[in-house]
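Comments concern the structure below.
The values are calculated or read from the model by the stated rules, or taken from the named source; none is laboratory data. A quick note: this is a predicted structure, and the numbers were derived from the prediction, not measured. As a convention, Cβ positions derive from the backbone with ideal geometry for all residues, glycine included, and neighbour counts pool all protein chains shown.
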């Protein structure tokens, strides 16, 4: 089947999509957007987190056909051209990235948190990121990065 | 595989009548896992995401009619007051991403004994509204809905429209055992709901039997012996824990042993009743 939806502000169509295929597969394998990572395929790890109509979801658990006519924003759509989003900048500066596999999902999820809660408490950050697994960093630098991004966004 | 995309409830019922083997998909948090892992190859997926009325809830006839497509995130944000037990259980589901997509209706459709919504629905005496094009609406009490491991009273041509939950008239609590505070499938769980007007206590046991179930003898014990004006009698509390544990019929599996689950159900029964009773007495004193 054919699936058409808006990705990062641009309308895209994928042809020959299998009906049981996930949104994640379509993004990575058909639309050339490999930022969202494919790891657990069961919603456990959060590395495929994308916005679906402004709500963060695991793209591996969305059937591609369910995205028909909707808006998707992936990690590739966070930056404004060459200008990184403050969340992305903070991850780089804080050393919140090691192997990098979990990073795209964490960026989208952290981005959503700061959109909803500009000055989150540590408990709120931990809760928001509870579904994003990182096996390298031990999370401390990720928490540092979210705190820094929150501070920068709040102070303009 | 077909991908069916109804945009109204009538279209959805017609599609299910036409292809009873079509698997309904809402948030996808169960169905897509099975497809991704090649555990299921249904001839058709019936996407209910386009049926807007399923995503609404309303207070009608003294009940909260919770549409089958309302995500856990909305239950948490909007229904913590009238449905505190269900909202507590919803907070323990998966992760924020899962709670943004997963629904109580989907939990009912999957009918896993470990589903987090089931114990609070049982304790609150919820009723499941199902419908088919041929026979119309059926109202099935939650206690009669679960028939076996991942089996429910839903007929092949029926879809879950909503679940009707009476708003709380007393304290409600949900407790769940798992290895961390997020992303946990229950090792076992327990829900309690005090119904002070009827002087009854509702219970729900999760992940400790082939189906979610009430602890009936434990409920009867409290109906017979609980003094609603007094502090909780420690002997009665202990007996309640014992009868709740006896209502469980768990198995050994990767998440825990049967013996552990029986023990934990007893502990959670005592704890949740204690929490609820403290609230009950506080409210009376106020």
**Q.** Which numbered condition residue B:144 misses (of (1) in contact (Cβ under 8 Å) with a residue 12 or more places away in the chain; (2) under 15 Å from the mean Cα position of the chain (by Cα))
**A.** (1)
(Q) Being at positive phi and either part of a strand (DSSP E or B) or under 15 Å from the mean Cα position of the chain (by Cα) (or both): is that true of residue B:125 here? (A) yes
Q: Please enumerate the residues belonging to region B:186-207 that are more than 11 Å from residue B:115 (Cα to Cα) and either at pLDDT below 95 or not in a strand (DSSP E or B) (or both).
A: B:196, B:197, B:198, B:199
Q. Which fully enclosed strands (runs of 3 or more DSSP E) of region B:1-109 have 3 or more residues being within 14 Å of chain A (Cβ to nearest Cβ) and on the phi < 0 side of the Ramachandran plot?
A. B:2-4, B:23-25, B:44-47
Q: Output the residues belonging to region B:1-29 that are within 22 Å of residue B:100 (Cβ to Cβ) and without any contact (Cβ under 8 Å) to a residue 40 or more places away in the chain.
A: B:23, B:25
(Q) Testing residue B:203 on (1) touching a strand residue (DSSP E or B) at 6+ places or on another chain (Cβ under 8 Å); (2) surrounded by fewer than 21 Cβ atoms within 10 Å (Cβ to Cβ), one condition comes back false. Which one is that? (A) (2)
Q) What strands (runs of 3 or more DSSP E) completely inside region A:31-87 contain at least 3 residues that are away from every other protein chain (no Cβ under 11 Å)? A) A:71-73
Q.
Let me confirm something: among B:154, B:232, B:147, B:236, which residue is crowded, with 17+ Cβ neighbours inside 10 Å and either assigned by TED's automatic domain parsing to the domain that holds residue B:15 or assigned to a helix (DSSP H, G or I) (or both)?
A. B:154
Q) Restricting attention to region A:95-105, does a residue exist that is surrounded by 21 or more Cβ atoms within 10 Å (Cβ to Cβ), assigned to a helix (DSSP H, G or I) and within 14 Å of another protein chain (Cβ to nearest Cβ)? A) yes
Q.
I need the full set of residues from region B:95-130 which are out of contact with any strand residue (DSSP E or B) (no Cβ under 9 Å at 6 or more places or on another chain) and surrounded by fewer than 24 Cβ atoms within 10 Å (Cβ to Cβ), in order please.
A. B:112
Q) Tally time: how many residues in region B:45-59 are buried (at least 21 other Cβ atoms within 10 Å of the Cβ) and out of contact with any helix residue (DSSP H, G or I) (no Cβ under 8 Å at 6 or more places or on another chain)? A) 0
Q. Within region B:247-262, restricting attention to residues that are in contact with a helix residue (DSSP H, G or I) (Cβ under 7 Å, 6 or more places away or on another chain) and surrounded by fewer than 16 Cβ atoms within 10 Å (Cβ to Cβ), which residue is farthest from residue B:190 (Cα to Cα)?
A. B:252
Q) Taking residue B:243, is it more than 23 Å from residue B:90 (Cβ to Cβ) and touching a helix residue (DSSP H, G or I) at 6+ places or on another chain (Cβ under 9 Å)? A) yes
Q. Got a number for residues in region B:165-185 being away from chain A (no Cβ under 14 Å) and within 27 Å of residue B:45 (Cβ to Cβ)?
A. 0
Q) Which one of these does residue B:139 not meet: (1) in contact (Cβ under 8 Å) with a residue 60 or more places away in the chain; (2) under 26 Å from residue B:48 (Cα atoms); (3) not in a helix (DSSP H, G or I)? A) (1)
Q: Could you please give the count of residues in region A:89-105 that are touching a helix residue (DSSP H, G or I) at 6+ places or on another chain (Cβ under 6 Å) and farther than 16 Å from residue A:155 by Cα?
A: 6
Q) Does region A:7-30 hold any residues that are at the interface with another protein chain (Cβ under 10 Å from one of its Cβ atoms), in contact (Cβ under 8 Å) with a residue 40 or more places away in the chain and either on the phi > 0 side of the Ramachandran plot or within 15 Å of the chain's Cα centre (by Cα) (or both), and which are they? A) A:23
Q.
Can you report the number of residues in region A:116-147 which are in a helix (DSSP H, G or I) and either touching a helix residue (DSSP H, G or I) at 6+ places or on another chain (Cβ under 8 Å) or within 13 Å of chain B (Cβ to nearest Cβ) (or both)?
A. 15
Q) In region A:78-98, is there at least one residue being in contact (Cβ under 8 Å) with a residue 24 or more places away in the chain and closer than 16 Å to residue B:98 by Cα? A) no
Q. Identify, please: which residue in region B:32-44 is closer than 20 Å to residue B:111 by Cβ and free of Cβ contacts under 8 Å to residues at least 40 places away in the same chain and is, among those, surrounded by the most Cβ atoms within 10 Å (Cβ to Cβ)?
A. B:32
